[in-house]
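Have a look at the structure below, then the notes.
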Amino acid sequence: MTEDTPQGFSRRNFIKGVIAAGAVASSSAYLFRTATVHGQPSAAGAVERLITLTVNGQDRRIDVMPQETLAMTLRYKLGLTGTKIGCDRAECGACTVLIDDVPHYSCSFLTHRARGKKIVTIEGLADAATGKLSPVQQGVVDEQGFQCAFCMPGFVMAATGYLKANKNPTRQELAHGVSGNLCRCQDYDKILTALMRGAELMRG
Amino acid sequence: MAVIRDVLPAFELFQPTTIDDAVRLVDKYRDDYWVLAGGLDSMDWLKDRLRKPRSVIDLSRIPELVGIKEANGGIEIGAMTPLTAVVRHPLVRDRFGLLAEAAELVASPQIRNQGTIGGNVSQDTRCWYYRGGWNCYRAGGNICYADTPTAINREHAILDADRCVAVSPSDTAPALVALEAQMVLRSARGERVVDAEHYFVGPGVDITRMTVLEPGEILTSIRIPATWAGAQFYFEKVRDRQVWDFPLVNVASAIKFANGRIDGARLVVGAVAARPKRLASVEAAIVGKPRDEQTADMAGRMAVEGAVTLRHNGYKVPLMRNLVKRAIRGGPAAVTT
Ligand SMILES: Cc1cc2nc3c(=O)[nH]c(=O)nc-3n(C[C@H](O)[C@H](O)[C@H](O)COP(=O)(O)OP(=O)(O)OC[C@H]3O[C@@H](n4cnc5c(N)ncnc54)[C@H](O)[C@@H]3O)c2cc1C
Ligand code: SF4
Ligand code: FES
Ligand code: FES
């Protein structure tokens, strides 16, 4: 793989390029399909592929295939690779993002469902103007909550969503709140300490 | 067997905004469509390429299907209402705490945020031979891979098996059957209402499906009558891990008392048969008895009569017996977080 990759291209950018090319090819297929559904006039409720998504406060116009999951769109179309894909099966939490402030597994959510909703990923938590970290992010830094941190964006998003609904949780309650996230390095106690610190910072 | 296990296969996606449009679509694509609710059962089938529908009809943009409202002293829950909303709703908590408890024990917080009550009762079984794409009875073949001498069948049925030994995976289903809920179904032919108890079908009736939902039919809402509002409830679920895992066995009971004796009861056990197992004979036997250890003991013993075990699921018999005992005896359920 590395031998075939032109100099100065990172593997990730190379992959992104290939995917973008794929998107162009398939969007031309789309042009021939718009007016008809299985050769019949378009039925009520058929989706358009060119849609607007509101991600981290910005409106993004993109071409989304009907079968695309939000995790795929975020990572490979919008380059927001902070959202991780661990299991792709709703079984680990690495892909957690906020949809209208509620934590969801983006690997198991069709992108077309997110039209008209507010999506927030880990990239959208810090203050865009100043770069100041969000309280939960700061708590993680203060307490050095994670080891390899693959699971971290998911935990941070789950905790952020949970704290929007319950600002003053006990340790036990917050543990329940983020129980839909797994950590392979498994220092849950430390993670919880960091997230509790985040809750404290959020209350100010 | 499936090889590609990520990214979904291509399909045409429809997002109707009214029930009428949704019904028209399922009627039109009758022989090749998939209804998408929360997607948490659906996604696995699609990602594994075990189902390749031409059209996917997503119900998430139909406002009529979401929400909980009061109806004749009972409540009506739209099929697309997320489980989290069911758990939190004051009417559910006040009158039908049994359902709130059951829904709270489903899967994980994110899954409850996305998974719907309608999807939870319409989901397919989790038998992993079947879900792995094996051509078993349920998949249209002529063998049950879970019922062979070397099969791994720790999660499978102990009651009412008929060729297939798969179990009902739902946590809300036993609670809804206990509460005498009714399922409202819509198709191009109109509406029909089915008792929750008869919504679920066992392999003896139809080995290829878990519910009476016909092609072209959509579950629109679940009605819970006032009948059991405010009764004494008990729900308990035993699973391997306290998050994500499906029930090994769960139990739901609703009991009314008069003069210190049991005046009426509904008792339903999940994950022991292909349908939520209502124990009508036990319910009848405990009426008129006091709520005590002796009654609980008798109920537990009666409940497991006729159980047939497989190689690895023998533990389900004492587990079910004890859960039924506890459901009659009352008191707090074992602590789960
Ligand atoms: C990792 C994991 C763990 C889980 N653990 C548990 C658990 O412990 N307990 C538990 O009870 N559940 C559990 N579930 C199931 C989950 O809670 C969902 O309830 C379930 O997958 C289906 O709900 P859904 O809304 O996602 O529906 P979908 O997956 O979209 O639909 C499920 C099925 O029902 C059909 N359907 C759905 N709604 C309708 C409707 N209105 N009309 C007609 N047909 C319809 C769909 O076509 C599909 O066949 C788990 C799921 C996962 C992925
Ligand atoms: S238990 Fe049922 S679903 Fe599982 S392999 Fe046997 S026939 Fe198939
Ligand atoms: S990648 Fe979505 S839950 Fe694991
Ligand atoms: S810190 Fe490594 S997976 Fe959680």
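Cut-off 10 angstrom, C-alpha nodes, Gaussian network model of chain B. Which of B:ALA166, B:ALA71, B:ALA226 fluctuates the most? Among B:ALA166, B:ALA71, B:ALA226, the largest mean-square fluctuation in the Gaussian network model of chain B belongs to B:ALA71. The alpha-carbon of B:LYS28 sits under 19 angstrom from the alpha-carbons of these lysines, leaving out residues fewer than 8 places away in its chain: B:LYS52.
Total accessible area buried between chains B and A, 1.4 Å probe, in Å² to the nearest 100?
Using a 1.4 Å probe on protein heavy atoms, the buried area is about 3400 Å².
Accessible area per residue, 1.4 Å probe, Å², for the protein assembly as shown: what's the number? Dividing the accessible area of the protein assembly as shown by its residue count gives 43 Å². Bridging of B:LYS47 to lysines at a Cα separation below 19 Å is possible for A:LYS84, once same-chain residues fewer than 8 apart are set aside. Seen through its C-alpha gyration tensor, with square-root eigenvalues sorted a ≥ b ≥ c, region B:1-139 comes out oblate because a/c lies at 1.5 or above while a/b is not bigger than b/c.
Partner shielding of A:110-118 amounts to 3, given as the average count of beta-carbon atoms from other chains within 10 Å of each residue beta-carbon. Helix B:293-303 and the longest principal axis of the C-alpha atoms of chain B enclose an angle of approximately 40°.
Note on region B:231-329: with neighbouring protein chains present and a 1.4 Å probe, carbon and sulfur make up 47 percent of its accessible heavy-atom surface. Just checking the listed ones, B:ALA173, B:ALA273, B:ALA258: in the Gaussian network model of chain B with Cα springs under 10 Å, the one fluctuating most is B:ALA258.
Based on the alpha carbons, how large is the Rg to Rh ratio for chain B when Rh follows Kirkwood?
0.96
At q = 0.17, 0.21 Å⁻¹ the log10 of I(q)/I(0) for region A:135-203 amounts to -0.47, -0.74, computed by Debye summation with a single uniform scatterer per C-alpha, solvent ignored. Apply the a/c threshold of 1.5 to the C-alpha gyration tensor of region B:279-337 and tell me whether it is rounded, prolate or oblate. Cα axes put region B:279-337 in the oblate bin. Of the residues B:ASN322, B:VAL272, B:GLY260, the one whose Cα sits farthest towards the positive end of the charge dipole of region B:231-329 is B:VAL272 (charges of +1 on Lys and Arg Cβ, -1 on Asp and Glu Cβ, taken about the Cα centre). When each of the peptides B:116-127, A:79-90 is scored by how many other beta carbons lie within 10 Å of its residues on average, the order from highest to lowest is B:116-127, A:79-90. Take the convex hull of the alpha carbons in region B:12-59; its mean projected area over all directions comes to 3.1 nm².
Can you give me the Cα centroid spacing of region B:222-236 and region B:138-216 in angstrom? So the two Cα centres are separated by 22 Å. Principal semi-axes of the equivalent ellipsoid, √(5λ) from the alpha carbon gyration tensor of region B:231-329, are 24, 15, 11 Å from largest down. Binning the C-alpha pair distances of the protein assembly as shown at 20 Å intervals from 0 yields a P(r) profile of 20, 52, 25, 2, 0 %, listed from the shortest bin outward. Rounded, prolate or oblate: pick one for region B:92-234, where a ≥ b ≥ c are the square roots of the eigenvalues of its C-alpha gyration tensor, a/c under 1.5 means rounded, and failing that, prolate if a/b is larger than b/c, else oblate. Prolate, since a/c reaches 1.5 and a/b exceeds b/c.
The values are calculated or read from the model by the stated rules, or taken from the named source; none is laboratory data. Owing to the predicted nature of the structure, the values given are computational and were not obtained by experimental measurement. As a convention, Cβ positions derive from the backbone with ideal geometry for all residues, glycine included, and neighbour counts pool all protein chains shown. Each accessible area value is taken on the protein alone, full model and side chains, heavy atoms only, with ligands, DNA and RNA left out. Shrake-Rupley method; radii C 1.70, N 1.55, O 1.52, S 1.80 Å.
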